[in-house]
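The values are calculated or read from the model by the stated rules, or taken from the named source; none is laboratory data. It should be emphasised that the depicted structure is a prediction, and the values quoted were computed from it without experimental measurement. As a convention, Cβ positions derive from the backbone with ideal geometry for all residues, glycine included, and neighbour counts pool all protein chains shown. Surface areas here come from the heavy atoms of the whole protein model, side chains and all, with no ligands, DNA or RNA. Shrake-Rupley method; radii C 1.70, N 1.55, O 1.52, S 1.80 Å.
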Amino acid sequence: MRETTGRRGLRLAISILALTALGAGAVVPAPAAAAGRPVPGATVKADRTSPTGYTVTFVYRNPDATQVRLAGDLTLLDVATGTTRYQPQEWQTGRYHAGGTEFLRDMTRDPKGNWSVSIPLHAGGLSYWYRVWDPTQGWENKRIWDPASTNPRPPGESSFRVRNNDVLDAVHVPYAKKQNDPVLKARADYELPVADRAKRGTVRYVPYTTILGDSGHYLGVYLPANYDANRAEPYKVAYLAHGIFGDETDFMVPANVPNILDNMTARGEIEPTVVVTMGNHFTGTSLGFASYNQTNAANNLVQTILPLIERSYNVSTERSGRAYAGFSYGGMTGGVVIKNYPSTFAFYGHFSGNPSLTSQDYDTIANAVGDDDLSVFLGNGIFEGSLNAQNAIADNFRARGYAAATTQVPGAHDGMTAGQLFTIFARDHLWSGVDSVSVTPATVNLTKGWNWARRFTAQVTANEGVSPAVTWSVQGATSTGTSISAEGLLSVAAAETASSLTVVVTSVVDPSKSRSAQVTLTPPGPARVAVKAKATPASVVSGDTFTLTVGVRAQSPHRKAPKVTGEVAVTFGGTTQVVPLRGGATVVELPTGGLPAGVYPMHVAYSGDRVHAPNAAVHQRLRVR
């Protein structure tokens, strides 16, 4: 998983203008309303009377406007019907905000020129905008983003959405239990700004000149929190392309990618990752959609954008550290990228837009990639249709030995669906940052017939910022009393009849990384043993320590070999210690810290070898004063 080339020297060959460097998806607290004065922007408040548990009040200040409407991808589609549209106040479980039909709601003007409206919204990052009639600016049904928004934007009129009067913004709504929907809970977990501001990355827009020589265009760049230009290991990087209606702001704002990566990184679910977004409407200056030429976009990405980003930022120059993903027309453009530049990216995401590839294309890609890894992810919203086409494409990649997966999310053809698909793509299919998992001990031998505990430990080798969390499981057990804890403590029941068990430890971040240990269970021998155990002193003040001496001797018919092998389990004050015997004896310290005054039994159990039988008993009662 790690880069093999080391950190690249950074050469700032061009002057990068950091036009905006705000925290990605930052939520700037609005000033308190003075005497009930409306606060510009979108204000989210918990509301017990709301069907979703939250109401959002939108306020737009413009004393010169003659009419204002709230607009957005805020009508609802029901998964049960798929086609019936509902208004926000008609929300109920199973209905999701979806694009395709523009939501419009008149806003009310107060005497000071504040236009406002309140509506219930479900959890997640949701797309909205305003439509404004303002004769002083020549606006008639003008579509604008919220001027109170804190989302970074490229300057002036460079954005294709601005030029095409098709701008988008986003409001972030928490999850309430009354929504009763794990999909919406997950959206809130990933799409809302991470609570700790120190863990938020930054978004900025940097100017550049396209492959056609056109200046005045911008790239969106997301840098993870605590980005280090001198880090020894270059950052992995994802290049994201918008659809036919969009531009470089789409993945940064309505798709909520900065927030999604902030949350994933904070939880250690993905190593810190750089994101680059580009506007692909650069062929000419017209507003027409034909200015998005797929071949030009693919060439511009690989021949112009990649070299510029790799000169300016500490990012990977290896295909294993690069990903490409696109929504709609951007997903389709991914087909041109992988066909014309098959060895440039190791990860591809096609969101609501499929690559168009022939059988010969698949073979050509396979010949170029060879034995290197290639991962392809395809998906759409359930309101867009079936996954038949995506499954066929995935099958073509699988048939050539490459990883491919498909999925659907509750959504339509909009940025909110793109965001949900990106979440799955990044969390489950991009680089995990986990190199390996190991477990200690690798083998254990125990005798049957007694309740034994054995501690296992896991070692996870991972990149910086990646969670080392693991899950434990035990396989092959016949007794319900045999189990393993979340901390790796294996409990083998006395009634366990299996001859072997397998303990498996698995990375939480990357379930494909796991390791197992083998536990062999053998019947005990018939030879009896005598266990002697005595603690001194017999009474201590709470906080002091008892010293326990244990001796285990073989009984007839093994008089010539009185010393035995194996281990003892000593239980005292609710804690069990498993200690190996040395020469048939051992010394165990029994701390009393935290124990209230009282009398406590001291239980010693012996587990031996294939010769000696188990033995267990309460050997002493110790007083804590």
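A few notes on this one:
- Angle between the chain longest axis and helix 182-191 axis [Cα atoms, degrees, rounded to 10]: 70
- For region 52-191: accessible area per residue (Å², 1.4 Å): 39
- Distance violations [Cα-Cα > 25 Å] among K177/K513; K142/K199; K45/K178; K45/K185: K177/K513; K142/K199
- Using the 1.4 Å probe convention, the accessible area of region 241-283 works out to 14 Å² per residue with neighbouring protein chains retained.
- For the chain, Kirkwood radius (reciprocal of mean inverse C-alpha pair distance, Å): 28.4
- Label-point separation, A495 to T101 (7 Å along Cα→Cβ), nm: 5.9
- Against the main long axis of the alpha-carbon atoms of the chain, helix 359-369 sits at an angle near 60°.
- Measuring nothing but protein heavy atoms, the accessible surface of region 355-407 at 1.4 Å probe radius is 41 percent carbon and sulfur.
- Carbon and sulfur %, accessible surface of region 44-125 computed with the full protein complex present, 1.4 Å: 46
- The 3J(HN,Hα) values that the Karplus relation (6.51, -1.76, 1.60; θ = phi - 60°) gives for region 68-75 are, in residue order, 9, 10, 6, 9, x, 8, 10, 6 Hz. Gly and Pro appear as x.
- Between region 366-397 and region 140-199, the Cα center-to-center distance that results, in Å: 29
- Surface composition of region 479-625: carbon plus sulfur atoms hold 53% of the accessible area, using a 1.4 angstrom probe and ignoring ligands, DNA and RNA.
- P(r) weight above 15 Å for region 61-122, C-alpha pairs, percent: 53
- Accessible area (Å², 1.4 Å probe, nearest 10) - S116: 40
- Near V470: Cβ cut-off under 11 Å, other residues only, Lys/Arg at +1 and Asp/Glu at -1. The net charge is 0.
- Per residue accessible area in Å² of region 391-548, where ligands, DNA and RNA are left out and the probe is 1.4 Å: 43
- Sites R37 and Q89 - FRET efficiency at Förster radius 30 Å, r taken between beta-carbons, to 0.05: 0.70
- Between 0 and 90°, nearest 10: helix 388-399 axis offset from the chain longest Cα axis: 50
- Backbone amide hydrogens, once placed in the peptide plane, bring A170 within less than 5 Å of Y128, excluding anything fewer than 5 places away on its chain.
- Linear extension gain, A389 paired with S343, 0.36 nm per residue minus alpha-carbon span: 14.1 nm
- Compared with the direct C-alpha span, the chain from E140 to T565 gains 143.9 nm at full extension, assuming 0.36 nm per residue.
- Summed residue charge, Cβ within 14 Å of P40's Cβ, Lys/Arg positive, Asp/Glu negative: +1
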